[in-house]
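Step one of this worksheet: look at the structure below.
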Amino acid sequence: MKKYSIVIFDLDDTLSNERKNIMYAFECMKKYRNESFSEEEFLKFNKIDKKFWKDRSEGKIYEPDNFGSLEEKILWIRAQRFLIYYDNKISLEEAKKLNNIYLEGLKEVVEGMEGAKEVVEYLYNKNYKLVVATNGPLLAVKSKLNKIGIDEYISTIFSSEECGSMKPRKEFFDNLLVKIGSNKKDEMIIIGDELLKDVKGGIINNIDTCWFNFREEENLEEYIPTYEIKKLIEIKNIL
């Protein structure tokens, strides 16, 4: 079996349970607006959110080029989801406020995926360099890793916010490799739940992949992972 030295994990729905996390954050936003929370409204927002980030990762969403800082650009981008959800009936400033409340909520209710801590400890003790690379906000990433209890094992954290580009784009991976401090792609493996971000990103950037198919979905895409697992604990059979 091939030898690796660097393991790159996705975060949401790979190491952390995303659904509970984002549902609580959405509820915080609704509470701020004095609006009632419902499963139906959450599903509506979640659908908008997923489509927005999918379009963004595919380069279908463009932003103005006159921002004063990367932070200002990131806030503008993230606020767009709330403008869409409210049919542009709120101001951009209100959408930015909602985004900040949502991000704070993401730090509160955090639950690891089954086997996440055990697998991370196992890999750490086998001297793998462990990296978390995510399209999610950096502020929430650090809090999630801390609450799952695995932050001490992660040597490098990389968020799309740091480069303004998302998985699976080349720019994301170019900047990721710089932060890792290695170009030895043949020694790396990416583990994630999304075919069109994690697996596709690995393939087009010449890095081996492991699809964490915990939903047990049929692969209808053209991207074939190097490995496929349904439980995180199965990583022990590969690494």
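The strands (runs of 3 or more DSSP E) falling completely within the stretch 128-231 that include 3 or more residues that are open to solvent by less than 50 Å² (accessible area, probe 1.4 Å) map to 129-134, 156-159, 188-192, 208-212. Within the stretch 163-176, the residues that satisfy the criterion of being free of Cβ contacts under 8 Å to residues at least 40 places away in the same chain and closer than 23 Å to Ser5 by Cβ are Lys170, Phe172, Phe173, Asp174, Asn175.
Val141: of a type outside the set (Asp, Glu) and in contact with a Phe, Trp or Tyr (Cβ under 6 Å, 6 or more places away or on another chain), yes or no? Taking the combined requirement at face value, the residue does not satisfy it. Ile235 meets all of the listed conditions (1) assigned to a strand (DSSP E or B); (2) farther than 20 Å from Glu58 by Cα; (3) not small (Gly, Ala, Ser) but one, namely (1). Please find, among Phe212, Phe158, the residue that is at pLDDT 95 or above, within 19 Å of the chain's Cα centre (by Cα) and farther than 29 Å from Ser69 by Cβ. None of the other options fit; the residue is Phe212. May I ask you to verify whether Tyr124 is outside any strand (DSSP E or B) and under 29 Å from Glu108 (Cβ atoms)? When the stated conditions are applied, Tyr124 passes them. Quickly run through the stretch 54-97 and pick out the residues that are surrounded by 17 or more Cβ atoms within 10 Å (Cβ to Cβ), small (Gly, Ala, Ser) and modelled with pLDDT of 90 or more. Hits for the stretch 54-97 are Ala79, Ala95.
The values are calculated or read from the model by the stated rules, or taken from the named source; none is laboratory data. Source: prediction; values computed, not measured. When we count neighbours, we look across all protein chains shown, and the Cβ atoms used for this are built from the backbone with ideal geometry, even at glycine. When the accessible area is computed, the model is the full protein with side chains, heavy atoms only, and any ligands, DNA or RNA have been set aside. Shrake-Rupley method; radii C 1.70, N 1.55, O 1.52, S 1.80 Å.
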